[in-house]
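Notes for the one structure printed next.
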Amino acid sequence: MAPSSMARVAGRAGPEAPIDLVRLATNTLGNRDLEVQVLHLFKSQSSTTLERLAGETDASVRLDLVHTLKGSALAIGAERVAVVCESLESKMRSVPNPATESLIAAVDETNRYIRDLLEG
């Protein structure tokens, strides 16, 4: 990540930030190139997952999609996305087709943050 990119989001690098940058650095062993790759991968995977979730009717597949997204979110330090996934997983076990708006919002916020980190 370029220093100018980091400066653009410095005001959002604390606990309110969509991504815990310390956890990201820890999980990537401080390798900046790997951080960038992982962030790109999350951005792509999360968007694809939301698209698949919107079109999927099989409850077990939907549950697997949300669970996989939760793991990816935890790997990059996107705690808010992981918490929303956890809540949605619980709802999916008792409600046939729970609303996903909160997940969409959390992923959108995180992906905007990633774009801010990577562009600069």
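The values are calculated or read from the model by the stated rules, or taken from the named source; none is laboratory data. Model, not experiment: these values are computed from the prediction. Positions of Cβ are generated from backbone atoms using ideal geometry, with glycine treated the same way; all protein chains shown enter the neighbour counts. For the accessible areas, the whole protein counts, side chains as well, though only heavy atoms, and no ligand, DNA or RNA atoms are used. Shrake-Rupley method; radii C 1.70, N 1.55, O 1.52, S 1.80 Å.
Some notes on this structure:
- At 0.890 mPa s and 25 °C, Stokes D of the range 60-101 from Kirkwood alpha-carbon radius, µm² per second: 241
- The rule of thumb for compact globular proteins, 2.2 N^0.38 Å, goes into the C-alpha radius of gyration of the chain 1.08 times.
- Separation of the range 41-100 and the range 104-120, taken as the distance between their Cα centroids, equals 17 angstrom.
- Counting only alpha carbon atoms, the long axis of helix 79-92 and the longest principal axis of the chain meet at about 0°.
- Whole-number accessible area per residue in Å² for the chain, which is evaluated in the context of all protein chains at 1.4 Å: 55
- HN-Hα J in Hz across the range 44-60 - Karplus 6.51, -1.76, 1.60, θ = phi - 60°, x for Gly and Pro: 5, 5, 5, 5, 4, 4, 5, 5, 5, 4, 5, x, 8, 10, 6, 4, 5
- Label separation (HIS40 vs ASP108): 2.6 nm, computed from points 7 Å beyond Cα along the C-beta direction.
- Placing a pseudo-label 7 Å from each Cα along the Cα-to-Cβ vector at ALA99 and ALA75 gives an inter-label distance of 3.1 nm.
- Total formal charge among the other residues, if their Cβ is under 14 angstrom from that of GLU89, Lys/Arg +1 and Asp/Glu -1: +2
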